[in-house]
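**Student:** Encoded as structure tokens, here's the structure I'll be asking about.
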Amino acid sequence: MKRVSTIALVAFLFSMPTEARRRGWGGGSIQGYDDEKQLFLVVFLAICLMAALAGFRNLRRSSRQNKYKYYSTISCPKCGAQMRRRTAKRGKFKGREFWGCSRYPTCDGIVEGNVHTLVPPTNTSNKSKIKGFDVLLGIAVFLFVSTILSVWYFGTPALTGLVKNQLKSPGEPIVGRASVIDGDTIEIHGQHIRFNGIDAPETDQTCLRKSGDTYLCGSEAAKFLDAFLAKSSPTTCNFVDWDQYDRYVGDCYRADGESVAVALVTAGHAVDWPRYSNGAYAKNQDQAWANQRGMWQGMFENPWDYRARKRVEKQKQTQTSPSSFSGQDSGNCNIKGNISVATGEKIFHVPGQEFYSQTQINTSKGERWFCSEADARAAGWRRARR
């Protein structure tokens, strides 16, 4: 038990710096993780529990030792001599120790009249030897205790994200022709890759130009990225970590060595994300601001703030019955989910598209508003072609 507890404790201690590196604590966090204290709390609670179990184990051991001490002080039931530890010479208990008369073989009296009251083996060479079974059992204790505490404290969803990312194998560098998903995400060989340390506006996010006109800055970021990568292919991405959405997070470069993240930030189509970059792209961002490039030509909302606001709006929308929406009142969600009269096909329009302003939404016919393109697609709508 002592060896098992020790191995489990060592597994915990080794998991802490590994998790810290995975999340980037002290050296640039990885996108997708919010509370650095959660893992440490689980580890602390688990160690406390294991310490309590070890204390209980020691209490039982002390009780047994007192029992053995008692045997050594009582007298032989046959002749009255002092008892001592003896070794069985034959029979099924051969080689095992028990409490017997010190005057053996003159007197063969034993405790309680049988050899079933055995003393644990005292082979000191086995005490320090850690067997493979002890290692496996120690790791099993580690996983079991951390799982129980995680479910109890954080709930199953949080645990799923923690274990999934802990067991996810490190990614290899990826090289190939890149397809653009959005301003900060590409796809190579079927693998979605999120650029590390920067954040670009969402596809449906709008910004203000200096003139006061709105435009789809997320779409412009994606177009810039597509043109930038097409000038020098293939694209190479070096692994940094997996994020909470199972995306490969990496630092990517064109074939000519140009950094994709640097190009996006310098052009004003993405911003430095200090939470994960430790200010690695701050100088590039200052350059874009000074020259009023991209989003810096006017006003915009930081992409992470935009997503947070949309999440809140989505929660409010789900708490409101569909019947409360009527006519063209969409609340804060501006994507129009229209149903074609001719074909019955479900089509959504985003601000800036050709027929957006002409599209009327009638909720009584099943048409609706969406807060994001992802919500629209999940509900069965497709994006309008123009």
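**Student:** What nm distance separates the two modelled labels at ARG90 and TYR215, each placed 7 Å from Cα along Cα→Cβ?
**Tutor:** Reported label-point gap for ARG90 and TYR215 is 10.3 nm.
**Student:** Right, something else. Give me the net charge for the shell around ALA376: Cβ to Cβ below 14 angstrom, other residues only, Lys and Arg +1, Asp and Glu -1. Present the calculation step by step, with values, prior to reporting the outcome.
**Tutor:** On the way: positive: LYS310, LYS314, LYS336, LYS346, ARG368, ARG377, ARG382, ARG383; negative: GLU202, ASP204, GLU345, GLU367, GLU373, ASP375.
Every neighbour counted, the sum reads +2.
**Student:** If I take R0 = 51 Å and measure r between the Cβ atoms of ASN278 and ALA140 in this structure, what FRET efficiency does the formula 1/(1 + (r/R0)^6) give, to the nearest 0.05? Don't skip to the answer; put the middle values down first.
**Tutor:** Working: r = 38 Å, r/R0 = 0.74.
So the FRET efficiency works out to roughly 0.85.
**Student:** Determine, for TYR356, TYR253, the number of other Cβ atoms within 10 Å of each Cβ, and report the residues in order from fewest to most.
**Tutor:** Details: TYR356 16, TYR253 19.
In order of increasing Cβ crowding within 10 Å: TYR356, TYR253.
**Student:** With each label point set 7 Å from Cα along the Cα-Cβ vector, what nm distance links ARG383 and SER340?
**Tutor:** About 1.8 nm, to one decimal.
**Student:** Shifting gears a bit: Within the range 175-198, what residues put their amide N at less than 18 Å from the label point 7 Å along the Cα-to-Cβ vector of ARG307?
**Tutor:** 180-187, 192-198, by backbone N distance to the label point.
**Student:** Separation of the range 292-309 and the range 217-232 by C-alpha centroid, Å?
**Tutor:** Spelled out, the Cα-based centre of one part sits 17 Å from the other.
**Student:** Using the Cβ atoms and a cut-off under 9 Å, what net charge is assigned to the surroundings of SER179, where Lys and Arg are +1 and Asp and Glu are -1?
**Tutor:** Working: positive: ARG177; negative: GLU187, ASP226.
Result for the neighbourhood of SER179: -1.
**Student:** Using 32 Å as the Cα-Cα cut-off, could you pick out the over-long pairs in LYS231/LYS346; LYS223/LYS310; LYS283/LYS316; LYS223/LYS346; LYS231/LYS283; LYS283/LYS336? The partial results should precede the final answer.
**Tutor:** Numbers: LYS231/LYS346 37 Å; LYS223/LYS310 23 Å; LYS283/LYS316 38 Å; LYS223/LYS346 26 Å; LYS231/LYS283 24 Å; LYS283/LYS336 39 Å.
Over 32 Å Cα-Cα: LYS231/LYS346; LYS283/LYS316; LYS283/LYS336.
**Student:** Sort 189-198, 263-272 by the packing proxy (mean of other Cβ within 10 Å over each peptide's residues), most packed first.
**Tutor:** 263-272, 189-198
Values in this text are rule-based calculations from the coordinates and carry no lab data. On a predicted model such as this, the values are computed, not experimentally measured, just so you know. Backbone-built Cβ (ideal geometry, glycine too); neighbour counts: all protein chains shown.
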